[in-house]
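Colleague: Here it is: the structure, laid out below.
Read the figures in this text as sums done on the coordinates, not as results from a lab. Remember, it's a predicted structure, so these values are computed and weren't measured experimentally. With ideal geometry, Cβ positions are generated from the backbone for all residues, glycine too; neighbour counts draw on all protein chains shown.
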Amino acid sequence: MKTKKIFFLFFIIYIFIFSASFQHHRFDRYKKPLYRFFRPRIQSINKGLPFQLKEKQYVPDQILIKFKPTLSELLIETTLAAYQTKKINRIPRLNIYQLQIPRDITVEEMVYVMNQNPDVEYAEFNYIVYITETPNDIYFKYQYALYNSGQSIGIPGSPHGTERADIKATAAWEETKGEEEVIIAVIDSGVDLLHPDIETKILSSGRDFVNDDFDATDDHGHGTHVAGIAAAESNNNEGIAGVAWNCKILPIKIVDEEGYGDYYSLIEGITYAADNGADVINLSIGGEFTAQALEEALKYAYEKDIVIIAAVGNEGGAVLYPAAYDDYCLAVAATDYDDIRVDWSNFGPEVDVAAPGERIISLVPTWYPSSIWDDFELPPYGYGFGTSMAAPYVSGFAALIKSIKPWLTAAEIMNIIRYSADDTNKEDYPGNDEFIGYGRINMEKALVPIKITTHK
Amino acid sequence: MKKINYFSLAAILILSLCSFSYAQFHEEKYSPKISIKPGIGFEYFSRTISWDDDKYSSNLKSYFFILNAEFEIQEGFSLNALAGYSFSNFDSLIFRELPFSVELDVGDMSGFLFGGEIKKSIFSTNDFEVEGLGQFVYYLGSKKEWDIPDLNVEGSVTGKPWWMRASAGPVITYTGFDYFYPYIYLSYNKLWGKFKIEQTIQELSGSEDKKITGKSVFSTSLGAIYEVFDALTLKAEASFMPYNKGLDFGVMLRAMYSF
C-alpha cells in the first residue's frame with residue numbers, strides 16, 4: 001500500500017513537471033522527452049556581460065594615414081621610410097594607409113608628428129571597435145519583435161509583452177518579402193555558413209579581414225545572431241523568421257573570436273561591401289572615437305546609394321561611431337517588448353529610430369558547445385540583448401524597401417524609415433528625441449499603401 | 001497641359017464646325033429641316049479599370065451633368081457638342097512608385113467635361129432605321145491636395161486625373177411606334193486615362209503617372225426616345241459592358257429641345 005502511495009506521488013510529480021515544460025516549446029520537431037527536462041542553455045560568450053571596452057582603445061603600434069593626393073607614390077614611400085614606419089596595408093579606393101610605427105615612439109607621438117607634415121592630409125589612431133551584445137540562455141519562443149501578441153517573452157515567469165508592441169512585420173510581408181537581388185552586408189564577426197536556417201540565404205563565403213581570406217566563417221557568434229535577425233530563412237518550418245525573407249546576406253568578418261576588431265578592418269569591410277554589390281550595410285559594432293578615415297569610408301558607401309544601418313551601443317552613454325556619423329548612418333537604439341526604450345541603449349541627437357533589442361531570439365553558430373544540440377541534432381538558437389540586435393531589424397526593413405522600390409536613394413530610404421516610425425515615447429518626449437529618435441520602426445506604415453482620406 | 005490644349009481645341013473645332021455647317025446650310029437653304037437642339041443630360045457609369053500593366057484593377061465611378069447642342073447639318077447627319085461638370089471616383093487606385101505608397105479613398109473628384117457626337121443615318125425601312133454613331137467624352141479633373149495620415153511628420157499628396165471615353169457603332173431604332181422609339185446601340189467602347197499624383201513629405205518627394213484602362217471594350221446599350229411634344233424629346237439609355245470577369249454598366253438621361 002505504501003509502495004503504491006509512493007508510486008502515485010511520483011506519478012503526480014512527473015505529470016506536473018511534464019505539463020509545465022511542455023508549454024514552453026513551440027517547435028514540434030524538437031519535442032524530445034529529455035529536452036523538456038533539460039532546457040538548453042548556452043555558455044555566455046562574454047560571461048553574461050555586455051561587451052564594453054575595458055582596456056585598449058586603439059591598436060598600440062599602428063596608425064592610419066592619408067597623404068595629400070598630389071603626393072606621388074615615390075614620395076610617399078620616401079616619407080614612410082624617413083619616419084621608419086612600415087606599410088602594413090592600403091585601401092586603394094580611399095588611399096588610406098595602415099602603418100606600423102617604430103618601437104621607440106608612441107602612437108600618440110607618431111600621430112602628432114605625422115599631422116605636422118604638410119604632405120599629410122590626416123593621421124589618426126587605429127581605434128578598436130567592439131560588439132555590443134551577449135547571447136544568453138536558449139529558448140525557442142515567439143519572436144515578439146516581429147509580431148507581439150502579448151505573449152510570454154521567455155522562460156516561465158518572464159514578463160508578457162504588450163500586444164502590438166512590434167515592428168508590424170506580418171502586415172508588411174503581405175506587400176513584399178524582399179528580392180534575391182537585394183544584398184545585406186553584415187560587417188561583423190562573420191556568419192556561420194553552415195547553419196541550416198541561413199545557409200541558403202548567404203550570397204558567398206564572404207570576406208574575412210581578420211584572417212585575410214575569403215571565408216567569413218563566424219568564430220564568435222555575434223555576426224550569425226545579427227544575420228539571422230535580418231534574413232534567416234523564413235517560412236521553412238524551422239527556427240526563426242528573418243525580416244527580409246528573400247534578400248541575401250554578404251558576410252564580412254572584421255571582428256575576431258574575442259569580439260574585437262579595428263577601424264582599419266572596419267574601413268576595409270565597408271569599402272568591400274560597397275564594391276561588391278551591397279544594398280544595405282549592417283554595422284552592429286561601434287567604437288568610441290571619431291576618425292576621418294572611417295567617415296570617408298562611410299561617405300564612399302553612402303554615395304553609392306547603400307543604406308548604412310548602425311547600432312548606437314549599449315552603455316547608456318553617448319552614441320558610438322560609426323552610428324554617430326549622422327550624415328551617412330541611420331543610428332538605431334533599442335526598445336523592449338513593451339515598446340519602452342531600454343536604459344542601456346545609448347542616446348544622443350544622432351539617434352534616428354529604435355527597434356526591439358531586448359531578449360531577441362536568433363541563430364547561434366552550429367559549432368557552439370552544447371551537449372543538448374549534439375545529442376538531438378538541434379540547430380542552435382539563442383537570445384541576444386543589445387542595439388546590435390535592434391540594428392538588423394532595420395537593415396532587413398531597409399532591404400525590403402529597396403526590394404519593392406529599387407529606384408529610391410539611400411537618403412530616401414532612410415527618411416522613409418524615420419518618418420514611418422511610431423513615436424512610442426511621445427507622452428514624455430514628443431517628436432524626434434535623443435532616446436529613440438523618430439520612434440520604433442513600423443514596417444507596415446512604410447511598405448503597405450497608406451489610405452488617403454483627409455482633404456487638405 | 002498638352003492634353004488639355006488638344007482636347008479643348010478638339011471641342012472648339014467641333015463647335016465651330018457645327019456652327020459653320022449650320023450657318024452654311026441655313027444660308028444656302030439647302031434643307032428646310034436644318035435644326036438645332038439644345039439639351040441637358042445626366043449620365044452615370046461604373047467601369048472596371050486596370051492599371052500597372054493589367055496587374056491590378058479597381059472601379060471608376062463617374063456621374064456627370066451635361067449641356068449639349070445638336071446640330072442637324074442635313075437630314076440624317078448631325079453633330080452634337082457636349083460640355084458639362086463631372087464627379088469621378090477613383091477610390092482603391094494604388095500608387096506604388098511614390099516614396100510612401102498610397103491608396104486613394106477620397107471619394108468624388110470634380111472636373112470639367114467636354115465631348116462631341118457624330119451621327120449619320122445609314123439606311124431605313126418602314127419600321128427600322130440604322131445609324132452610325134460616334135462619341136467621345138473627355139473629363140479633366142481639378143487638382144486636389146490631401147494630407148498623408150499617421151506619419152510622424154507632415155506630408156501631403158496632390159492629384160489630378162483625366163479620362164477619355166470613345167465609342168463607335170451602329171444604332172438600330174424601331175420606328176414603328178408613334179412618339180416612342182426604342183433602340184439598341186452596339187459599340188466599340190474604349191476608356192483610358194491617367195492620374196498624376198505628387199507626394200511631398202519634408203525632403204522626400206516623388207510623383208507617379210498612373211495609366212488606367214477600362215477593362216471592357218464593347219458595349220450594348222438599350223434605350224428609347226420619347227417625343228413629349230414636337231419640340232421636346234426625352235432620351236433614356238442603359239449600357240452593359242462585359243469583360244472577362246464581370247459586367248460594367250451605365251445609365252444616361254437626356255432632354256432636348258428643338259428650334
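Colleague: Once phi is turned into θ = phi - 60°, what whole-Hz ³J(HN,Hα) does the Karplus curve with 6.51, -1.76 and 1.60 give for every residue of segment B:240-246, x standing for Gly and Pro?
Modeller: Ordered by residue, 3J(HN,Hα) equals 10, 10, x, 9, 4, 10, x Hz.
Colleague: In whole Hz and in residue order, list the ³J(HN,Hα) couplings for segment A:293-306 that follow from phi through the Karplus curve 6.51 cos²θ - 1.76 cosθ + 1.60, θ = phi - 60°; x for Gly and Pro.
Modeller: Working through the residues one at a time gives 5, 5, 4, 5, 5, 5, 4, 4, 5, 4, 6, 8, 6, 9 Hz.
Colleague: Right, something else. Please compute the contact order of segment B:2-257 in relative form: average sequence separation of alpha-carbon pairs under 8 Å and at least six residues apart, divided by the residue count, as a percent. Let's see the in-between values first.
Modeller: On the way: 666 pairs, mean separation 41.7, N = 256.
After rounding, I find 16 percent.
Colleague: Within 10 Å of each Cβ in B:151-158, how many Cβ atoms from other chains are there, averaged over the peptide?
Modeller: Working: counts 10, 15, 7, 1, 2, 3, 3, 1.
The shielding value for this peptide is 5.
Colleague: If I model a spin label at B:Phe77 and A:Arg103 as a point 7 Å from the Cα along the Cα→Cβ vector, what separation in nanometres do I get?
Modeller: The answer from the label model is 11.0 nm.
Colleague: Please find the FRET efficiency linking B:Lys55 to B:Leu247, where r is the Cβ-Cβ separation and R0 is fixed at 25 Å, and quote it to the nearest 0.05. If you can, show how the numbers build up before the last one.
Modeller: Numbers: r = 22 Å, r/R0 = 0.86.
Using R0 = 25 Å, I get an efficiency of 0.70.
Colleague: Among the listed pairs A:Lys177/B:Lys61; A:Lys402/B:Lys143; B:Lys55/B:Lys211; B:Lys61/B:Lys196; A:Lys451/B:Lys160, which are separated by more than 22 Å between their Cα atoms?
Modeller: Details: A:Lys177/B:Lys61 33 Å; A:Lys402/B:Lys143 31 Å; B:Lys55/B:Lys211 12 Å; B:Lys61/B:Lys196 18 Å; A:Lys451/B:Lys160 17 Å.
Beyond 22 Å between Cα atoms: A:Lys177/B:Lys61; A:Lys402/B:Lys143.
Colleague: Let me ask you something else. Can you give the net charge of the other residues whose Cβ lies under 9 Å from the Cβ of A:Leu363, counting K and R as +1 and D and E as -1?
Modeller: -2
Colleague: Right, something else. Output wanted: per-residue J couplings in Hz (rounded whole) for segment B:119-125, from phi through Karplus 6.51 cos²θ - 1.76 cosθ + 1.60, θ = phi - 60°, x for Gly and Pro.
Modeller: Per residue, the Karplus-derived 3J(HN,Hα) values read 9, 9, 6, 9, 7, 8, 10 Hz.
Colleague: If you don't mind, there's one more thing I want to ask. To the nearest 10 degrees, how steep is helix B:2-28 against the longest Cα principal axis of chain B, on a 0 to 90 scale?
Modeller: 10
Colleague: How charged is the neighbourhood of B:Tyr183? Take every other residue with its Cβ under 10 Å from the Cβ of B:Tyr183, and add Lys/Arg as +1 and Asp/Glu as -1.
Modeller: On the way: positive: B:Lys235; negative: B:Glu129, B:Glu131, B:Glu237.
Here the count lands on -2.
Colleague: I need the calculated FRET efficiency for the pair A:Asp428 and B:Leu67, taking r as the beta carbon distance and R₀ as 51 Å, to the nearest 0.05. Working shown, then result.
Modeller: Working: r = 61 Å, r/R0 = 1.19.
That pair, A:Asp428 with B:Leu67, gives E of 0.25.
Colleague: Taking amide H positions as placed in the peptide plane 1.01 Å from N, state which residues far from A:Ile96 in sequence (5 or more) or on other chains have amide H under 5 Å from it.
Modeller: Result for A:Ile96 returns A:Ile91.
Colleague: Using modelled amide H (1.01 Å from N, peptide plane; none on Pro or chain starts), what sits under 5 Å from the amide H of A:Ile285, excluding residues fewer than 5 places away?
Modeller: Result for A:Ile285 returns A:Ala311.
Colleague: Quick check: Cα centre of segment A:54-130 to Cα centre of segment B:94-126, how many Å?
Modeller: After rounding, the separation between the Cα centres reads 69 Å.
Colleague: What list do you get for A:Met389, A:Met443 if you sort them by fewest beta carbons within 10 Å? Kindly include the intermediate steps, with their values, before the conclusion.
Modeller: Details: A:Met389 32, A:Met443 28.
The most exposed by this proxy come first: A:Met443, A:Met389.
Colleague: Report the FRET efficiency, 1/(1 + (r/R0)^6), for B:Ser156 and B:Ile36, where r is their Cβ-Cβ distance and R0 is 45 Å, rounded to 0.05.
Modeller: On the way: r = 47 Å, r/R0 = 1.03.
Between B:Ser156 and B:Ile36 the formula returns 0.45.
Colleague: Where in segment B:160-181 does the label zone of B:Ser258 land, with the point 7 angstrom along Cα→C-beta and an amide N cut-off under 17 Å?
Modeller: Within reach of a label on B:Ser258, which here means backbone N under 17 Å from a point 7 Å along Cα→Cβ, segment B:160-181 contributes B:173-181.
Colleague: Could you please state, rounded to a whole Å, how far the C-alpha centre of segment B:183-231 is from the C-alpha centre of segment A:385-406?
Modeller: Each part reduced to its Cα centre gives a spacing of 42 Å.
Colleague: Counting alpha carbon pairs within less than 8 Å and at least 6 residues apart, what relative contact order, in whole percent, applies to segment A:58-127?
Modeller: Numbers: 107 pairs, mean separation 33.9, N = 70.
This gives 48 percent for segment A:58-127.
Colleague: Would you be so kind as to identify which of B:Leu234, B:Ala255, B:Ala166 lies farthest towards the positive end of the dipole of segment B:2-257, taking Lys and Arg as +1 and Asp and Glu as -1 on Cβ and the Cα centre as origin?
Modeller: Farthest towards the positive end: B:Ala166.
Colleague: I would also like to ask the following. Over the Cα atoms of segment B:2-257, compute the convex hull volume and normalise it per residue, giving Å³.
Modeller: On the way: hull volume 32.1 nm³, N = 256.
Hull volume over Cα atoms, normalised by residue count, gives 125 Å³.
Colleague: Taking a quarter of the surface of the convex hull around the Cα atoms of segment B:105-190, what do you get in nm²?
Modeller: Details: hull surface 31.9 nm².
The Cα convex hull of segment B:105-190, projected and averaged over all directions, gives 8.0 nm².
Colleague: Per DSSP helix of 4 or more residues, -39500 (n - 2.57); summed, then divided by the residues of chain B. What does that give at 222 nm, rounded to the nearest 500? All intermediate terms of the calculation are to be shown ahead of the outcome.
Modeller: Details: 1 runs with 27 residues, N = 259.
Rounded to the nearest 500, it is -3500 deg cm²/dmol.
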